[in-house]
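S.K.: The structure's right below; bear with me while I get my questions together.
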Amino acid sequence: MKTFFNLVQDVQKVGLCHRCGGCVTFCTAINYGALKIDDDGKPVYADMEKCIECGLCYSICPEIDDLEEETKLQAAWKQPIGKVIETTVLRATDPVVRQKATDGGVVTALLLHLFDRHRIDGAIVTKAVGKFQRRPFLATTRQEILDGAGLFFDTSHGMKSFSDEYMTFSSIEEFDPMVKKKLNRVALVGTPCQIKSVRKMQVMNLVPSDAIKFCFGLYCTGNFTFGDKERQMIARVGNFSWDDTVKINLKDKLYITLSSGEEKSISLEELESIKRFACRYCSDYTAEFADISFGGLGAAKGWTSVLIRTPLGRAVLADARSAMALEQFNMENDPNYSGKALQEARSASSAKRTAARHYRRELNKQKPMGLARR
C-alpha cells in the first residue's frame, strides 16, 4: 500500500502537487493529524510517527489514477469536458452581489439562496487578506458569504495566506473547522483539482466529504505567483500602477480594473512564466466533476457562463431562478448565447488539455520514473 511518503516521491518531487489540501484535510480532520500544510502551502509530515499508513491520502490525490474510473462513473463523466445537462448564461439579480462580483455573481447568489433557504449551514470559499492574496474560509453567515464574492483587492486584513501565491479560489483545508463546528450541510466552491479530490473521497464514502452537499466548480486557468518581481513585471507589461488597481479578473486574459474605471488586459501567454508549476500539468479547465461549473469565459461582461452537470445542480438553479435570485441572459440580444458559451468552454478546455499533455511528455523525458498521465 502506498502512503504519504510515496505521494511525496510520486507527486511532490516531480512538481505535480496542486496544493489542493485533500491529503492534509482528510488526515487532520479524521485521522491523527500526521500531516500539515507548511508556510509555503505544501503538504508535509506534521508528525511521521502518527501516520497509520492507511494510504487514503495517496488515493484521493487528484494526480493519482487510483479510483479514476470509479470517480468518472459516479459523475456520469463524458467526453470532451464531462457531463453537461444544460448550458446557460446568468447573473445575480441583487445589485449588491453584482457590484462585488467578478463576473455575474452567480456563485455568490446561489450560496446566499441556499443559505437563506436553510439548505446549507456554511460554504467553503475564500476571502481577501491583502492586495495579492486570498485565504480559504468557512463562511457560516450571510455576510461572510457575501464577503467572499469577487476578486476585489482588500487591504483591511493581515497577510495570513501562503507566501506570495495569489490563491484565487478556496482550499478544502477548511474541512477541519467544518468538522469541529459539526456542520453537515456545506457547499464547496473550488478549483477542478479540489473538486476532484472531494469526489474521490465521496467515492470511498470518507468522512467528512459526506458533509459536502454541493460542489460548485470554477473555470481554472491556473494559480499565479504575485511576488514583488512578478507584480513589477505585470505592471510594466500592462502599463499601470498597482496602487490604482481595485479589481482583477482572470478568464481568457488577466483583466485589471483601475480606480478610474479603465480596464487593462494582459494575455495568458505573457503570464505563463509566473504560473504555478503544477498548474501546467492540469488538464481540467471547467471543473468536470462539479455539480455546476462557472466562469466568465463565453459570457458578456457582467454575466457568468454556467454548465449544469448533475440533476442536483439543475434543481438548485431552478429553485434559485424561481426565487428570482438569478436572471438569464436575454435571448433577443444574442439567440446563440448558450451555444457560444459552451463552445468557448470546450475550446479552452481542449487547449488546456493539449498543453498539459505536452508538458507531461516533456516532464517524463526528464523524469523517466515520473507519472506519465493524462
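The values are calculated or read from the model by the stated rules, or taken from the named source; none is laboratory data. Predicted model only: the values in this text are computed from it and were never measured. Note that each Cβ is placed from the backbone with ideal geometry, even for glycine, and that neighbours are counted across all protein chains shown.
S.K.: Taking strands (runs of 3 or more DSSP E) that do not extend beyond the stretch 114-203, which have at least 1 residues that are at pLDDT 90 or above and farther than 30 Å from TYR281 by Cα?
M.R.: In the stretch 114-203, 122-130, 133-139 are the strands (runs of 3 or more DSSP E) which contain 1 or more residues that are at pLDDT 90 or above and farther than 30 Å from TYR281 by Cα.
S.K.: Would you say VAL97 is closer than 30 Å to THR225 by Cβ, among the hydrophobic types (A, V, I, L, M, F, W, C) and part of a helix (DSSP H, G or I)?
M.R.: Taking the combined requirement at face value, the residue satisfies it.
Residue by residue, here is whether (1) on the phi < 0 side of the Ramachandran plot; (2) more than 21 Å from the chain's Cα centre (by Cα); (3) of a type in the set (S, T, N, Q); (4) not in a loop (DSSP other than H, G, I, E, B) holds:
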position	(1), (2), (3), (4)
ASN6	yes, yes, yes, yes
GLN9	yes, yes, yes, yes
LEU16	yes, no, no, no
CYS20	yes, no, no, no
GLY33	no, yes, no, no
LYS36	yes, no, no, yes
ASP39	yes, no, no, no
VAL44	yes, yes, no, yes
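S.K.: While we're here: Looking only at the stretch 251-278, how many residues end up being over 16 Å from LYS229 (Cβ atoms) and in a strand (DSSP E or B)?
M.R.: Going through the stretch 251-278 one residue at a time, the tally reaches 10.
S.K.: Determine which member of the set ILE60, ILE64, ILE81 is touching a Ser or Thr at 6+ places or on another chain (Cβ under 7 Å), under 30 Å from PHE5 (Cβ atoms) and not basic (Lys, Arg).
M.R.: Exactly one residue qualifies, and that residue is ILE60.
S.K.: Considering only residues that are free of Cβ contacts under 8 Å to residues at least 60 places away in the same chain and closer than 20 Å to ALA320 by Cα, look in the stretch 65-100 and name the one that is surrounded by the most Cβ atoms within 10 Å (Cβ to Cβ).
M.R.: VAL97
S.K.: So, one more: Specify which of the listed residues (LEU363, LEU297) is surrounded by 14 or more Cβ atoms within 10 Å (Cβ to Cβ), among the aliphatic types (A, V, I, L, M), modelled with pLDDT under 90 and within 27 Å of GLY41 (Cβ to Cβ).
M.R.: LEU363
Each row is one residue, and each column tells you yes or no for (1) surrounded by fewer than 17 Cβ atoms within 10 Å (Cβ to Cβ); (2) basic (Lys, Arg); (3) touching a residue at least 12 places away in the same chain (Cβ under 8 Å).
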{"site": "THR304", "(1), (2), (3)": "no, no, yes"}
{"site": "PRO311", "(1), (2), (3)": "yes, no, yes"}
{"site": "ARG314", "(1), (2), (3)": "yes, yes, yes"}
{"site": "ALA325", "(1), (2), (3)": "no, no, yes"}
{"site": "PRO335", "(1), (2), (3)": "yes, no, no"}
{"site": "GLN343", "(1), (2), (3)": "yes, no, yes"}
{"site": "ALA348", "(1), (2), (3)": "no, no, yes"}
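S.K.: Take LYS229 and tell me if it is basic (Lys, Arg), part of a helix (DSSP H, G or I) and touching a residue at least 24 places away in the same chain (Cβ under 8 Å).
M.R.: Answer is no for this residue.
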